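The values are calculated or read from the model by the stated rules, or taken from the named source; none is laboratory data. These figures come from a predicted structure and were not determined experimentally. So basically every Cβ, Gly included, is an ideal-geometry build from the backbone, and we count neighbours across all protein chains shown.
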């Protein structure tokens with residue numbers, strides 16, 4: 001069959017396989033990233049090599065079950081050795097991981113060279129897998145010719161989704177608060193073991209399809225990108241899966257256009273998603289934070305300006321701040337001008353000649369600032385025992401973060417004072 | 001030995017030494033996977049160098065690899081510092097994406113008929129056989145520079161790496177030193193890549209330092225040892241791989257290093273596992289011995305003479321076999337003797353036992369009367385401390401509690417109401 005759903009069959013299976021890797025990788029990777037176990041995933045994906053080589057040497061075939069068992073065995077050995085070294089060596093966990101996975105990988109290389117020198121476990125295969133030729137070895141399932149690696153990957157994905165679904169609460173709790181989990185009777189060690197088991201299984205299945213690099217990339221990068229986009233675990237997992245699928249799709253197309261390796265291109269695609277998430281992520285993204293900071297700066301500066309103006313209130317109730325004073329207060333130049341323009345734009349002040357006067361709204365806001373400032377000064381002086389000449393600075397900073405509620409609470413707590421430590425009126 | 005083999009031996013020896021020396025700083029700072037990250041990040045630059053120059057020109061490719069590697073490191077740092085992404089995820093993400101990019105570029109190159117794979121293909125596993133004297137020359141230079149820099153600026157590096165706040169306060173240019181260290185790691189990694197490949201280069205940076213850590217607490221000694229271990233791994237590994245012609249030398253070098261690591265972990269004095277096991281066993285034998293003596297003395301207080309092995313085992317609450325072994329040892333050391341299947345303390349044993357009982361009860365008395373601790377809370381504490389309270393401390397306790405010398409207090413919890 002040459003087309004599936006109207007798409008070229010080979011392309012379809014490549015994307016499908018990649019997408020399945022993305023789904024399992026995204027789900028597992030979310031937990032790994034949250035628990036700072038990304039490098040352990042990197043390690044396991046490298047150290048399954050001797051297990052695969054052993055299975056191949058013993059059975060002479062690349063059937064999935066022995067390979068899976070071999071890899072799991074290698075995965076177990078890796079985790080056990082890493083634990084042992086971490087406990088006995090006076091070097092950190094990272095060194096333990098480094099020692100174990102490189103040694104296992106070297107062992108795997110030796111075994112591969114000795115036992116399977118004339119089989120196609122070659123460099124390219126290890127690095128990039130066999131995505132391009134996935135459609136060649138098919139299995140007939142219910143009348144449809146499915147590539148065997150796709151089928152294996154699909155089964156694995158199903159298993160992973162089921163287990164994660166069943167253990168969702170446990171995984172979630174252990175990821176965020178292992179101590180609480182223990183006291184509640186969940187078993188963090190058991191949950192961890194299951195996670196590692198799934199990671200090893202994933203590494204091995206996906207390794208055959210997409211090579212070591214994409215295994216690591218699909219585990220870590222989509223989940224990391226998702227981490228930048230949300231604060232909720234369920235959303236993070238969904239996003240990671242979506243990014244994985246999207247990367248498979250985009251990567252395959254780009255690889256076709258540029259005539260290059262699909263696995264590598266999918267890895268690059270995940271990277272592009274990460275870059276986008278890092279820059280444009282709402283709330284945590286670089287741009288979003290810069291914008292939020294800028295807004296806060298503008299708001300703070302305008303509030304300072306209003307408070308300054310209101311402090312010039314004379315006995316007739318009118319406030320008027322000389323432009324020059326305002327400029328100097330903000331360090332002159334662009335910044336000062338920007339603040340005044342901003343305040344005018346928000347209709348909080350009017351510039352009349354060489355003086356700035358507040359509008360009604362501006363005066364109200366300014367008085368509010370002043371009230372918060374003086375209340376805080378009073379609170380610092382009376383409740384914290386700070387001397388009168390020490391309270392202005394902290395109050396000057398804090399006043400921007402006190403809302404109405406807090407101001408009222410402070411006023412109540414102090415018994416509704418009418419003067420601040422400098423003798424000035426609190427309204 | 002052929003000239004070629006000699007060349008390769010010198011080259012890998014130097015590589016191992018440089019990797020060991022410079023990698024130790026990363027290992028001891030908890031950044032062991034730096035080498036892995038650099039090695040993977042170097043691929044795009046390596047390929048770009050190849051693409052620009054056309055034919056395999058080593059210096060250009062190495063320069064590209066170095067720039068790319070440093071970029072990867074910088075990126076990892078930037079992500080860790082400026083986003084909520086943690087260091088481990090940043091490392092994994094950067095290394096896999098950059099390596100993927102490198103694969104994409106190298107695959108594009110390989111599809112171009114004029115591209116010759118040499119240097120790119122061997123990137124994964126290395127190809128020491130292809131080493132020629134100019135490569136060794138490069139390695140020698142890098143090795144010499146690394147050793148010289150580390151040697152000359154040892155004190156500065158030590159301070160900057162392990163106590164950067166103090167170093168900064170002392171006026172050291174910590175950021176600059178850090179950059180120099182990074183640059184050395186990158187340089188070593190990059191020159192080692194053609195020889196041993198990506199993953200295995202990471203190994204050469206981590207394993208020697210981790211092994212050396214078992215033998216000393218002194219940074220200078222560790223660095224020197226790491227260099228030696230690295231060099232030995234390089235040389236022995238290369239020799240070993242010469243006998244296995246189909247196995248890449250990089251793998252054998254790493255396995256040799258791992259062997260050294262295992263030996264260090266097991267047999268190093270003080271920090272090795274064997275030593276710890278011996279020390280712990282000796283300690284628990286001493287504890288059991290002390291408990292037996294105490295049990296004998298306390299049973300004598302209630303009037304019984306001698307104890308059977310069974311009742312001793314119950315009193316001391318340990319595995320029967322241990323009790324038997326310890327008793328045998330005690331008999332050997334003339335601390336106890338057996339008469340009519342009952343165990344008695346000898347004169348020496350009695351002295352020691354009395355001291356222990358005295359120490360235990362004194363401590364309990366002190367806790368109850370001076371520290372206001374409840375009667376049923378003092379036993380465990382005293383049980384632990386009785387073994388380590390020296391005669392001087394015991395005398396001091398007696399003085400403070402205003403007791404006459406050599407009083408043996410009654411038990412704060414007579415047998416029968418034991419915890």
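What to note about this one:
- Any chance residue B:204 is away from chain A (no Cβ under 14 Å), touching a helix residue (DSSP H, G or I) at 6+ places or on another chain (Cβ under 9 Å), part of a helix (DSSP H, G or I) and within 27 Å of residue B:43 (Cβ to Cβ): no
- Enumerated helices (runs of 4 or more DSSP H) restricted to region A:241-360, each holding at least 3 residues that are touching a strand residue (DSSP E or B) at 6+ places or on another chain (Cβ under 8 Å): A:286-310, A:333-345
- Among the residues of region B:234-256, those that are over 18 Å from residue A:49 (Cα atoms), touching a helix residue (DSSP H, G or I) at 6+ places or on another chain (Cβ under 6 Å) and within 11 Å of chain A (Cβ to nearest Cβ) comprise B:237, B:240, B:241, B:256.
- Flag for residue A:216 being at the interface with chain B (Cβ under 9 Å from one of its Cβ atoms) and either touching a residue at least 24 places away in the same chain (Cβ under 8 Å) or under 27 Å from residue A:68 (Cα atoms) (or both): yes
- Of all residues in region A:228-251, those satisfying the criterion of being within 14 Å of another protein chain (Cβ to nearest Cβ), over 14 Å from residue A:271 (Cα atoms) and in contact with a helix residue (DSSP H, G or I) (Cβ under 8 Å, 6 or more places away or on another chain) are A:229, A:230, A:236.
- Among residues of region B:211-228 that are more than 13 Å from chain A (Cβ to nearest Cβ), those with a Cβ under 7 angstrom from a residue that is crowded, with 24+ Cβ neighbours inside 10 Å, sequence gap 6+ or separate chain, pair up as B:223/B:21; B:223/B:24; B:225/B:212; B:227/B:17; B:227/B:20; B:227/B:21.
- Only residues that are outside any helix (DSSP H, G or I), without any contact (Cβ under 8 Å) to a residue 24 or more places away in the chain and within 21 Å of residue B:316 (Cα to Cα) were counted in region B:341-383, giving 1.
- Residue B:75 at the interface with chain A (Cβ under 8 Å from one of its Cβ atoms) and part of a helix (DSSP H, G or I): no
- Selection status of residue B:276, within 11 Å of another protein chain (Cβ to nearest Cβ), part of a helix (DSSP H, G or I) and under 30 Å from residue B:352 (Cβ atoms): yes
- Set B:30, B:35, B:13, B:20: member being under 22 Å from residue B:226 (Cβ atoms), more than 14 Å from chain A (Cβ to nearest Cβ) and under 31 Å from the mean Cα position of the chain (by Cα): B:13
- Single residue of B:318, B:303 found to be over 39 Å from the mean Cα position of the chain (by Cα) and not in a helix (DSSP H, G or I): B:303
- Residue A:287 being surrounded by 16 or more Cβ atoms within 10 Å (Cβ to Cβ) and touching a helix residue (DSSP H, G or I) at 6+ places or on another chain (Cβ under 7 Å): no
- Residues in region A:38-56 that are more than 14 Å from chain B (Cβ to nearest Cβ) and in contact (Cβ under 8 Å) with a residue 24 or more places away in the chain: A:51, A:52, A:54, A:56.
- Selection status of residue B:121, modelled with pLDDT under 75, farther than 30 Å from residue B:244 by Cα, over 30 Å from the mean Cα position of the chain (by Cα) and within 14 Å of another protein chain (Cβ to nearest Cβ): no
- Residue count for region A:161-184, restricted to those that are part of a helix (DSSP H, G or I), farther than 17 Å from residue A:29 by Cα and touching a helix residue (DSSP H, G or I) at 6+ places or on another chain (Cβ under 8 Å): 4.
Residue-by-condition table, conditions (1) away from every other protein chain (no Cβ under 13 Å); (2) at pLDDT below 85; (3) surrounded by 14 or more Cβ atoms within 10 Å (Cβ to Cβ):
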site: A:90; (1), (2), (3): no, yes, no
site: A:117; (1), (2), (3): no, yes, no
site: A:138; (1), (2), (3): yes, yes, yes
site: A:146; (1), (2), (3): yes, yes, yes
site: A:164; (1), (2), (3): yes, no, yes
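- Within region A:256-272, tally of residues that are facing chain B (nearest Cβ under 7 Å), more than 20 Å from residue A:223 (Cβ to Cβ) and surrounded by fewer than 24 Cβ atoms within 10 Å (Cβ to Cβ): 3
- Residue list for region B:89-105, filter: over 14 Å from residue B:65 (Cβ atoms) and within 7 Å of chain A (Cβ to nearest Cβ): B:89, B:91, B:92, B:93, B:96, B:97, B:100, B:103, B:104
- Filter result for the condition that a residue is closer than 21 Å to residue A:268 by Cα, within 13 Å of chain A (Cβ to nearest Cβ) and either touching a strand residue (DSSP E or B) at 6+ places or on another chain (Cβ under 6 Å) or touching a residue at least 12 places away in the same chain (Cβ under 8 Å) (or both), over B:41, B:68: B:41
- Residues being under 14 Å from residue A:29 (Cα atoms) and assigned to a helix (DSSP H, G or I) - total across region B:78-90: 3
- For region B:123-198, the helices (runs of 4 or more DSSP H) that sit wholly inside it and include 3 or more residues that are in contact with a helix residue (DSSP H, G or I) (Cβ under 7 Å, 6 or more places away or on another chain), in contact (Cβ under 8 Å) with a residue 12 or more places away in the chain and farther than 23 Å from residue B:61 by Cβ are B:133-152, B:154-162, B:174-196.
- For the condition more than 18 Å from residue B:316 (Cβ to Cβ), modelled with pLDDT under 80 and over 43 Å from the mean Cα position of the chain (by Cα), residue B:412 qualifies.
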